[in-house]
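The values are calculated or read from the model by the stated rules, or taken from the named source; none is laboratory data. What you are looking at is a predicted structure, and each value in this text was computed from that prediction instead of being measured. A quick note on method: Cβ atoms are made from the backbone with ideal geometry, for glycine too, and the neighbour counts reach across all protein chains shown.
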Amino acid sequence: MANGPLTGIRVVELAIWGMVPMAGTILREWGADVIKVEHPERADPLRTNIMGGRDPSEGGAHYMWEMHNRGKRGITLDLTKPEAHEVFRRLIESADVFLTNVRVSSRANLGIDIDTIQSINPGIIYAHASGMGSRGPEAARGGYDTAAFWARSGIAYKGTAPGVDSPPDLPSAAFGDILTGYMLAGGIAASLAGREQRTAERGAVLETSLLATGMWAMRNEIAACEIFGLDGFFGLGRGSITNPLNAAYRTKDDRFVQLVMLEADLHWPDLCKHLDRADLIDDPRFATMQLRAVNAAECIRMLEAEFTKRTLDEWRKILLTTTGVWGVVQSPGEVGSDPQAVANEYLKPALAATGNTFPMVPNPVRFDDESLDPGPAPDWNQHTDEVLGELGLDSEQLLELKIAGAVQ
């Protein structure tokens, strides 16, 4: 058990796929006891999902399942069976948080709607999430991150070059799920911290969605477009750059160096020296930020010519002592060996349920300089007897539930 700041908190999770289970995993990484409830016959489909044409378990561990469910205790419970409801009631009575992404239209039939859950445990925090939000004409529709987070929020549009056949792909599988899960986990943690100050008789009810998080990530762009009546505001193309020191430049070996020198006048002389072009410091076309903005296209062409003279490895060494911020455009396969990632243990070996280890990016928040890893994700039905025993059910009652098909 991880000894994080949420130790002693119990979370009941009734959710599938990536978004809400990621919130449960984050809470588990922070110390909570998270009990994942799955159906006795229809397990979370993420267990068997194939990504990119490759079975994630081919590498010795089902990394997608692991990273969305680490450290949880897994039980089975069929809430369509009357016999399951007394067990579920006891489970909810013991919990601080209920976490779900079951569609609103199905919750009442299963007895997991807000009123029912809080009638059992008035102080419980009810946290739910969806693809599109709980109101509006599409509230009842499902949603995945590629559609609701990536496409619907405007993010994909901003990365689409004119004339291409289709917008860019999502950067990584479950990209929007992970970010939305983190937002939901943060909201739950805030509610747990503030519940002592609440005077209401019922616990907090939290909601978010993939669309909400995508729009939140695009909030500056969306606000600017609303104000000025545009489809896009912050241009990404070369022709829209007014600060040539805030752009990416191709190297001799077809890699890219990203400059992010926002206080350009402060860094211009130093950059020129590192380019071996001290003659440009006082060049009348580029000597100030205003002049570089007026002559941006010419300045960009000059910088492009300079960066293509050397390879990426050469630029890494040269730019290491610059005063301004810069970064290499790295592939995901390179990130794990990045010296900063290695020094800070941003990629660590993790034990999987198979007994094998796999490389895992830990939770980015450290407590007392420690990243907390609660251990492997649960096998299907792994902890049913254990958890139900903690709720006071004896072996005869467990057998009766299994005969009735309420649990496996």
Could you tell me whether segment 17-32 includes any residue that is of a type in the set (G, A, S), assigned to a helix (DSSP H, G or I), under 20 Å from the mean Cα position of the chain (by Cα) and crowded, with 24+ Cβ neighbours inside 10 Å? yes
Residues that are surrounded by fewer than 20 Cβ atoms within 10 Å (Cβ to Cβ) and charged (D, E, K, R), drawn from segment 33-48: E41, R42, R47
Can you tell me which residue within segment 111-130, out of those that are touching a Ser or Thr at 6+ places or on another chain (Cβ under 7 Å) and not β-branched (V, I, T), is farthest from M19 (Cα to Cα)? H128
Given the criterion free of Cβ contacts under 8 Å to residues at least 24 places away in the same chain and either touching a Ser or Thr at 6+ places or on another chain (Cβ under 7 Å) or of a type outside the set (A, V, I, L, M, F, W, C) (or both), identify the matching residue among P40, P45, P21, P56. P56
Would a scan of segment 301-314 turn up a residue that is part of a loop (DSSP other than H, G, I, E, B), under 32 Å from the mean Cα position of the chain (by Cα) and either not assigned by TED's automatic domain parsing to the domain that holds V257 or not aliphatic (A, V, I, L, M) (or both)? no
Quick check on segment 217-235. Is at least one of its residues of a type in the set (V, I, T), outside the structural domain of T146 (by TED's automatic domain parsing) and either farther than 30 Å from M19 by Cα or buried (at least 19 other Cβ atoms within 10 Å of the Cβ) (or both)? yes
Answer yes or no: is there a residue in segment 352-359 that is free of Cβ contacts under 8 Å to residues at least 12 places away in the same chain and closer than 30 Å to V37 by Cα. yes
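Pick out the one residue from L6, L79 that is part of a loop (DSSP other than H, G, I, E, B), within 20 Å of H128 (Cα to Cα) and touching a Lys or Arg at 6+ places or on another chain (Cβ under 9 Å). Show your work before the answer.
Numbers: L79 fails: touching a Lys or Arg at 6+ places or on another chain (Cβ under 9 Å).
Answer to the selection: L6.
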Flag if V342 is part of a helix (DSSP H, G or I) and either in contact with a helix residue (DSSP H, G or I) (Cβ under 8 Å, 6 or more places away or on another chain) or surrounded by 14 or more Cβ atoms within 10 Å (Cβ to Cβ) (or both): no
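Mind listing whichever residues of segment 325-341 are aliphatic (A, V, I, L, M) and either within 13 Å of V361 (Cβ to Cβ) or free of Cβ contacts under 8 Å to residues at least 12 places away in the same chain (or both)? Spell out how you get there, then give the answer.
As a first pass, look at segment 325-341 and keep what is aliphatic (A, V, I, L, M): 325, 328-329, 335, 341.
V335, A341 - these are the residues of segment 325-341 that are aliphatic (A, V, I, L, M) and either within 13 Å of V361 (Cβ to Cβ) or free of Cβ contacts under 8 Å to residues at least 12 places away in the same chain (or both).
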Residues of segment 174-197 classified as modelled with pLDDT under 90 and either more than 18 Å from G123 (Cα to Cα) or not charged (D, E, K, R) (or both), total: 2
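Just to verify a result, which residue in segment 358-408, among those that are of a type in the set (V, I, T) and outside any helix (DSSP H, G or I), is farthest from L77 (Cα to Cα)? Before the answer, list the steps.
Within segment 358-408, the subset of a type in the set (V, I, T) is 361, 365, 384, 387, 403, 407.
Among the residues that remain, those that are also outside any helix (DSSP H, G or I) are: 361, 365, 407.
Details: V361: 31, V365: 33, V407: 5 Å.
Per the criteria, the residue is V365.
Each row is one residue, and each column tells you yes or no for (1) of a type outside the set (S, T, Y); (2) assigned to a strand (DSSP E or B).
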residue	(1), (2)
L206	yes, yes
A212	yes, no
W216	yes, no
C225	yes, no
G239	yes, no
T242	no, no
Q258	yes, yes
L266	yes, no
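Please verify whether segment 143-160 includes one or more residues that are in the same structural domain as R195 (by TED's automatic domain parsing), part of a strand (DSSP E or B) and surrounded by 16 or more Cβ atoms within 10 Å (Cβ to Cβ).
Going through segment 143-160, the residues in the same structural domain as R195 (by TED's automatic domain parsing) turn out to be 143-160.
Within this subset, residues satisfying the condition of being part of a strand (DSSP E or B) are none.
No, segment 143-160 contains no residue that is in the same structural domain as R195 (by TED's automatic domain parsing), part of a strand (DSSP E or B) and surrounded by 16 or more Cβ atoms within 10 Å (Cβ to Cβ).
Matching residues to (1) under 28 Å from D177 (Cα atoms); (2) modelled with pLDDT of 95 or more; (3) in contact with a strand residue (DSSP E or B) (Cβ under 7 Å, 6 or more places away or on another chain):
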site: M215; (1), (2), (3): yes, yes, no
site: R219; (1), (2), (3): yes, yes, no
site: D231; (1), (2), (3): yes, no, no
site: N246; (1), (2), (3): no, yes, yes
site: L271; (1), (2), (3): no, yes, no
site: H274; (1), (2), (3): no, yes, no
Of the conditions (1) in a loop (DSSP other than H, G, I, E, B); (2) free of Cβ contacts under 8 Å to residues at least 12 places away in the same chain; (3) in the same structural domain as E304 (by TED's automatic domain parsing); (4) not aromatic (F, W, Y), N246 satisfies every one except a single condition; which number is it? (2)
